[in-house]
Amino acid sequence: MSSHLSRRRFLSHAAALGTIGAGISMPHIANAQAQSLTVNCYGGAYEKFFREQLIPVFTKEIGAKVNLALGTAKDNVPLMRAAGVDNPPLDVCMTNEVIAEILRTEGYFMPIPEDKVPNMKDVVPIARYPDNMAVTGLLQPVGIAYRSDMLKNPPKAWKELFVRPDLAGKIGVYNITNSLGFMFVLLMSRIYGGSEDNYDAAFAEIAKLKPFNQVDFSGTMEIALSRGEVEVAPLDFAAVMRLQKGGMSIDAKVPPEGMVMFDQVFNVSKGSKSKELAFAWVDYILRPSTQQKLVSDFYASPTNLKTIIPPELASREIMISGDKLKNVVRHDWATANRQRDVIVDKWNRAMS
């Protein structure tokens, strides 16, 4: 059986649910609620990729219109709350897990039936969720990036950042309002405090890095690295490979204590009027051929284990896939989000 949801198979599912009206010829979907799908993505390279490479293939196969809602990850919470659970503006919500956890807790999302999304069975464990409440379709591990032309003895482990005098004043750190800044605190809590709850231990260590260049988001960190204002910093490996392609003298190390990640988690809205299309879209994202495009275009780590990675990327140490993804940490965002205000306040007082 084909691993993706073909138009014929989609229509058979729809027919079983009574969503195809009489007198309408195939392959069109008769019921208006099943003729269109609204999904979200970010602007820039994401929008270009969705419009030019993802949506046309899906539309050709399924015969349904895909509406694209643009915004940032943080936009998703007010967007969904304003509309309510029963009238969601998005059929499929793609967002970071730190955001997805908030909306999931508030009841906006539903389980994703594995029989409707067969590609999910081939997804790596870190991308799966209990009761199939979500699935990660795009994953970008974060390690230690450094300017290879400026730092001849790069740190190979997170702990080196805190004990090497030669790195003083050369380290970049993300502000706590950035998800990577928050993840850095949680990871250091694990390493130095034994659990993510022991963030006091993390703050004690991070304070040792001062003075450091504190940035608001990854684009700012990339600029700081390009200017030599920062020589070493946490950065996702996808960004490292993209900057290398652009000519920057930059490389990265895979720290033995573990990696954090940027993730794009796909969630189906409980109140969606186009659930069958929503399941088809998620299955399409997880399809090996789609995942291969994400690898080639975004240098993302594939979450479908059957994805074929181009040889020139598969040989890279920082192309993390397969069993190597076991070293990527997925945080307990339910607990972390409850502690967010306390952690942010403590950061602002200790690191300003």
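The values are calculated or read from the model by the stated rules, or taken from the named source; none is laboratory data. If you're wondering where the values come from, they're calculated on a predicted model, not measured in any experiment. Here the Cβ positions follow ideal geometry from the backbone for every residue, glycine too, while neighbour counts run over all protein chains shown. Side chains are part of the model used for accessible areas, which takes the heavy atoms of the whole protein and leaves out ligands, DNA and RNA. Shrake-Rupley method; radii C 1.70, N 1.55, O 1.52, S 1.80 Å.
Which of the residues belonging to region 130-155 are in a loop (DSSP other than H, G, I, E, B) and open to solvent by less than 20 Å² (accessible area, probe 1.4 Å)? Scanning region 130-155 gives 134, 151, 154, 155.
The criterion of at least 1 residues that are modelled with pLDDT under 95 is met, among helices (runs of 4 or more DSSP H) falling completely within region 46-118, by 55-62.
So is residue 179 out of contact with any Phe, Trp or Tyr (no Cβ under 9 Å at 6 or more places or on another chain), surrounded by 19 or more Cβ atoms within 10 Å (Cβ to Cβ) and closer than 28 Å to residue 304 by Cα or not? So residue 179 fails the test. Screening residue 47 against (1) closer than 27 Å to residue 181 by Cα; (2) in contact (Cβ under 8 Å) with a residue 24 or more places away in the chain; (3) touching a strand residue (DSSP E or B) at 6+ places or on another chain (Cβ under 8 Å) leaves a single unmet condition, (2). Just to be sure, is residue 112 in contact with a helix residue (DSSP H, G or I) (Cβ under 8 Å, 6 or more places away or on another chain) and either open to solvent by less than 20 Å² (accessible area, probe 1.4 Å) or among the basic types (Lys, Arg) (or both)? Answer is yes for this residue.
Cβ-Cβ contacts under 8 Å between residues 6 or more apart (or on different chains), taken from a first residue in region 72-86 that is closer than 12 Å to residue 269 by Cα to a second residue that is surrounded by 14 or more Cβ atoms within 10 Å (Cβ to Cβ) and basic (Lys, Arg), are listed as 85/270.
Just one of the listed residues (243, 294) is surrounded by fewer than 20 Cβ atoms within 10 Å (Cβ to Cβ) and either free of Cβ contacts under 8 Å to residues at least 24 places away in the same chain or touching a Gly at 6+ places or on another chain (Cβ under 9 Å) (or both), and it is 243.
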